[in-house]
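Here the structure is laid out as C-alpha cells; the discussion comes afterwards.
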Amino acid sequence: MRRFSVSRIETHAFRVPLSVPVETSFGIMRDRPAVFLRIEDDQGVFGWGEIFANWPSAGAEHRARLALEDIAPLLLGKDARDPRHVFRELTRKTRIRALQCGEFGPFSQAIAGIDTALWDLNARADGQPLRRLLNPGAADIIPVYASGIDSRKAQAGIAEARQAGHKAFKLKVGFDERDASRVEQQVKGLGTQEALFLDANQAWSLDEAADFLSQIEGSAIGWLEEPIAADAGEAVWRRLSEVSTIPLAGGENVAGASNFQSLIESRILGFIQPDVAKWGGVSGCFEVARQVVDAGLTYCPHFLGGGIGLLASAELLAASGGPGLLEVDVNPNPLRDAFAVPAIVQGSMTLADGPGLSVDALPESLDPYRTFHGEIAQCS
C-alpha cells in the first residue's frame, strides 16, 4: 500500500457574538466559538476536523494554537492513511506534555480534531462518504433530536423545533426547584409520535438528582442525561440508577478507551454519548460506538458545536448500525448553519453522498468571525 504523508496543517478559530446567550446549569455561553482544522497530504488530498471549544470561554484560540504549535510538528511527514496509528502515537507522544501543564482535555480535543480530519482525508481519497469507509453497510438516513432547549422557555423552543422538522426534543434542566413542574407540563403537550429527553449538565448531588427523579416518576421521558457529576464514581452512579425509573445517559465528559469500556461493562447508562470533538475523534468514537451497540446499549453521539463536527457525528451514527439519534442543537449558530447540513424531515436526516464529510472549503460567510488562522507545512 502506497504511503502518503501529511504535508500541511491549518487551524482556524471563530467566534460569533450572541444576542441571546445560551444557558446551562453550570455556565452561560455569550458567543458561539469553533475551531476547524484542515490537513493535506503530499498528493494534495485534504480533510477537515473540528476541535471542541465551547468551554472555557477563552478556549477556542488556545486550542487552535495548541493543535498548530505543539502537536502539528509531531504530525508532519507522518502517514496520512493510517488514522488509528496516528491517534495512538499522538496520544502517547503528548502524554507528558499534557501532564506537565495539566491540560489533558485540550490535548485530547486537539488530537480528536486531527483524527477526524485524517479520516475525512481518507474517505475523500477513496471517493466515498466517511460512513461507508467505516462501514460499507452504513445507513443513509438517521433519526435526530432537537437539543439545547431551555426548559424555562420550553413551549416556544419545542414549537420552533417542530417547525424545523423535529419529533424528539431535549430540555436543559438543573436551574431551580421548578424544573420538575416545567418538565411535566411539556410531557403533557407531546404528540403520540414525539419523545422528550432531559439534560441536567451535572447540576445535582446524588440526593438532589434522586429528589428530581421522584418528582417526575412515571413521566414519559426517554433519558435523563448527566444528572450528577460525570466523575462522581461508579458506586454513586449505580445508586442513582437503582432509584431511577428513567434511563440514564452520559459520556460527553468521559475520555479514554478504558474508561468507556468500564462504563459500558457497568451497564449503568442506557445511552452512551461520546463527543467526536472532545475525545477520540473518529478512531476512538467509532470503536466505542461498536462496543456500545454490541453490548445492547444505545450509542447517541453528543455534539454542540460547528458544522464539521456535526457532520462527523452524523456519519459516525450512520456507520454504527445502532438505533441512536443524532443531537442537533437548535440554538442560533452561524458556525454550524453555514455548512451544508442536510435538512430535517419528519425527525430524520438524509446524509449526502459526497466524499468524506462533503466539506470542500470553509464558507466565506464565516470570514468576519475568524479570530485566529495559522498553518504549518513540511519543507520541500
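The values are calculated or read from the model by the stated rules, or taken from the named source; none is laboratory data. Everything numeric in this text was worked out from a predicted model, so none of it was measured. Quick reminder, even Gly has a Cβ in these numbers, built from the backbone with ideal geometry, and neighbours come from all protein chains shown.
Residues checked against (1) under 15 Å from C300 (Cβ atoms); (2) in contact with a Leu (Cβ under 8 Å, 6 or more places away or on another chain):
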{"position": "D199", "(1), (2)": "yes, yes"}
{"position": "S205", "(1), (2)": "no, no"}
{"position": "L224", "(1), (2)": "yes, yes"}
{"position": "P227", "(1), (2)": "no, yes"}
{"position": "E265", "(1), (2)": "no, no"}
{"position": "I268", "(1), (2)": "no, yes"}
Quick one: which strands (runs of 3 or more DSSP E) sit completely within segment 277-380 and have at least 2 residues that are surrounded by fewer than 17 Cβ atoms within 10 Å (Cβ to Cβ) and in contact (Cβ under 8 Å) with a residue 12 or more places away in the chain?
370-377
Have a look at R131, R92, R81, R63 and point out the one that is farther than 22 Å from P355 by Cβ, crowded, with 16+ Cβ neighbours inside 10 Å and basic (K, R).
R63
With the checklist (1) at pLDDT 95 or above; (2) out of contact with any Pro (no Cβ under 9 Å at 6 or more places or on another chain) in hand, flag the one item G218 doesn't pass.
(1)
Residue ID - nearest to the chain's Cα centre (by Cα), chosen from residues in segment 1-23 that are of a type outside the set (S, T, N, Q) and either farther than 27 Å from D329 by Cβ or in a loop (DSSP other than H, G, I, E, B) (or both):
I9
Can we say F52 is surrounded by 24 or more Cβ atoms within 10 Å (Cβ to Cβ) and either under 22 Å from the mean Cα position of the chain (by Cα) or in contact (Cβ under 8 Å) with a residue 24 or more places away in the chain (or both)?
yes
For segment 105-144 the number of residues that are among the basic types (K, R) and farther than 22 Å from Q273 by Cα is 1
Quick one: count up the residues across segment 236-270 that are over 20 Å from G105 (Cβ atoms) and either outside the structural domain of A209 (by TED's automatic domain parsing) or of a type in the set (D, E, K, R) (or both).
5
Please indicate, with yes or no, whether at least one residue in segment 24-42 is of a type in the set (A, V, I, L, M, F, W, C), more than 21 Å from V330 (Cα to Cα) and either outside any helix (DSSP H, G or I) or at pLDDT 95 or above (or both).
yes
Residues that are outside the structural domain of K278 (by TED's automatic domain parsing), of a type in the set (A, V, I, L, M) and over 28 Å from L325 (Cβ atoms): list the helices (runs of 4 or more DSSP H) wholly contained in segment 73-175 that include at least 3 such residues.
95-101
So which residues in segment 1-30 are of a type in the set (D, E) and under 22 Å from G374 (Cα atoms)?
E10
Condition check for P73: surrounded by fewer than 23 Cβ atoms within 10 Å (Cβ to Cβ), in contact with a strand residue (DSSP E or B) (Cβ under 8 Å, 6 or more places away or on another chain), closer than 30 Å to F175 by Cβ and in contact (Cβ under 8 Å) with a residue 60 or more places away in the chain:
no
The number of residues in segment 75-122 that are of a type in the set (A, V, I, L, M) and over 21 Å from the mean Cα position of the chain (by Cα) is 6
Just checking, how many residues over segment 210-247 are of a type in the set (A, V, I, L, M) and part of a helix (DSSP H, G or I)?
6
